[in-house]
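In what follows, a single structure is set out as structure tokens and then discussed.
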Amino acid sequence: MRDVIVELEAWWRAGKSVGVATVVGTWKSAPSRPGAAMLVGPDGTAVGSVSGGCVEGAVYELAAAARDGGEPVLQRFGVSADDALAVGLTCGGIIDIFVEQVSPESFPELGEVAQDIRAGRPLAIATVISDIHAVRPIGRRLVVREGVATGTLGSAQLDAAAHHDLVGMLEQGRSGVVRYGRDGDRCGDDIAVFVASYAPRPRMIVFGAIDFAAAVARIGSFLGYRVTVCDARATFATAERFPDADEVVVDWPHRYLEKAIGKKEIDERAVVCVLTHDPKFDVPLLELALRLPLAYVGAMGSRRTNEERIARLRELGLRDAELARLHAPIGLDVGARSPEETAVSVAAEIIALRWGGSGAQLCRIDGPIHRAAGVPANAPVDAGRA
């Protein structure tokens, strides 16, 4: 929807009502992803697409009706195999589309939202798209930017639950439907809320084209990262060996990171996993990475390898505060042996660092299971209480 925001804002600032149709769910080979949108302007102009042509006509009519005062509607469309082939797909699919009217009255925050999106400031918008009890008005919104929420979905409890989920989805740059119980509790599907995240996926850069890297890339993709695998050895750094990576790069690790920084492709959400096991690769790389405000820098190796690595980095002038940011040996102590188990260990450490988790068993700590980022868990429960 990012590409149609400018057009929507222009009509909004002119005080006009616009029909907006947004893809909120897809199944099978649906032609669009959640967040794709079509606008129907006050003059009948259509902007954007929700299906690549399959059901555009029907969606246009629904959006035009919403623009003219019709009620918001959540509509499911099945894309036939014949229609799917016409737009380049091999089989049919299913899409859920939420259609509503957007105007200065229904979305007063749109001007600020558009400014943030154009400036590249991350934000997430939650919209109530269905409520089987018809308690909350469909179309209510909650906007989260920099951890601060504005607007309401209809109740304080629902707002609190959605706020927590929006922060996590925005961190991953992920859009989709979240469901809640009648009063906003997590055990239920009475209320459906569509979350649109306006942020690029965070980066995970895995250095070292080894079997452990393939497993880390797979779990990184599962967690919502845009995954890059980089190695200076062209023989090993191939797309066939790393099918779950978004890109595989042949380059010296520190040189690739320097280029990514120069292109402003790296931000404070990025995580770096160094699996090279070779001082000529990992020392120059870590010298650079540990001086950056990255979310996570981890390096694989034995304790002896890490001691030697730390000594070399000290000789290069890194301070204690910078060296303290290095997570090495990489991962949490879960008893991992295989590449897949090691990847889970690495992912667990990244998640724990992001949200302030202790890495302890939940059954042995007090306090809430879900916490705001950076809030530490309570002390372990006394063994006598287990």
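Would you point out the residue of region 279-307, among those that are more than 20 Å from Ala343 (Cβ to Cβ) and assigned to a loop (DSSP other than H, G, I, E, B), that is least open to solvent (accessible area, probe 1.4 Å)?
By that ranking, first place goes to Leu290.
When both residues are 6+ apart or on different chains and their Cβ atoms are under 8 Å apart, which pairs have a first residue that lies in region 353-375 and is modelled with pLDDT under 90, and a second that is among the polar types (S, T, N, Q) and surrounded by 11 or more Cβ atoms within 10 Å (Cβ to Cβ)?
Close Cβ pairs (under 8 Å, with a partner that is among the polar types (S, T, N, Q) and surrounded by 11 or more Cβ atoms within 10 Å (Cβ to Cβ)) amount to Ile365/Ser358; Ile365/Asn378; Asp366/Asn378; Gly367/Asn378.
Would you say Asp244 is in contact (Cβ under 8 Å) with a residue 12 or more places away in the chain, open to solvent by 50 Å² or more (accessible area, probe 1.4 Å) and of a type in the set (D, E, K, R)? Don't jump to the end; show me each part of the working.
Numbers: in contact (Cβ under 8 Å) with a residue 12 or more places away in the chain: yes; open to solvent by 50 Å² or more (accessible area, probe 1.4 Å): yes; of a type in the set (D, E, K, R): yes.
When the stated conditions are applied, Asp244 passes them.
Can you tell which of Ala126, Ala199 is within 21 Å of Arg33 (Cβ to Cβ), touching a residue at least 24 places away in the same chain (Cβ under 8 Å), out of contact with any strand residue (DSSP E or B) (no Cβ under 7 Å at 6 or more places or on another chain) and open to solvent by less than 30 Å² (accessible area, probe 1.4 Å)? Reasoning before the result, please.
Numbers: Ala126 fails: out of contact with any strand residue (DSSP E or B) (no Cβ under 7 Å at 6 or more places or on another chain).
Just a single option satisfies the conditions, and that option is Ala199.
Restricting to region 308-332, count the residues that are touching a residue at least 12 places away in the same chain (Cβ under 8 Å), open to solvent by 40 Å² or more (accessible area, probe 1.4 Å) and in a loop (DSSP other than H, G, I, E, B).
4
Can you report the number of residues in region 94-123 which are charged (D, E, K, R) and either open to solvent by less than 50 Å² (accessible area, probe 1.4 Å) or assigned to a strand (DSSP E or B) (or both)? Please lay out each step first, then the result.
Going through region 94-123, the residues charged (D, E, K, R) turn out to be 96, 100, 105, 109, 112, 116, 118, 121.
This time we only want the ones that are either open to solvent by less than 50 Å² (accessible area, probe 1.4 Å) or assigned to a strand (DSSP E or B) (or both), so: 96, 100, 109, 116.
Within region 94-123, residues that are charged (D, E, K, R) and either open to solvent by less than 50 Å² (accessible area, probe 1.4 Å) or assigned to a strand (DSSP E or B) (or both) number 4.
Could you list all residues from region 176-196 that are at pLDDT 90 or above and open to solvent by less than 40 Å² (accessible area, probe 1.4 Å)? Full working, then the answer.
Residues of region 176-196 at pLDDT 90 or above: 176-181, 190-196.
Those that are at pLDDT 90 or above and open to solvent by less than 40 Å² (accessible area, probe 1.4 Å): Gly176, Val178, Tyr180, Gly181, Asp190, Ile191, Ala192, Val193, Phe194, Val195, Ala196.
The values are calculated or read from the model by the stated rules, or taken from the named source; none is laboratory data. Bear in mind that the values here come from a model prediction, so they are computed numbers and not experimental data. Every residue, glycine among them, receives a Cβ derived from its backbone with ideal geometry; neighbour counts consider all protein chains shown. The protein model used for the area step is the full one, side chains on, heavy atoms only, and it has no ligands, DNA or RNA in it. Shrake-Rupley method; radii C 1.70, N 1.55, O 1.52, S 1.80 Å.
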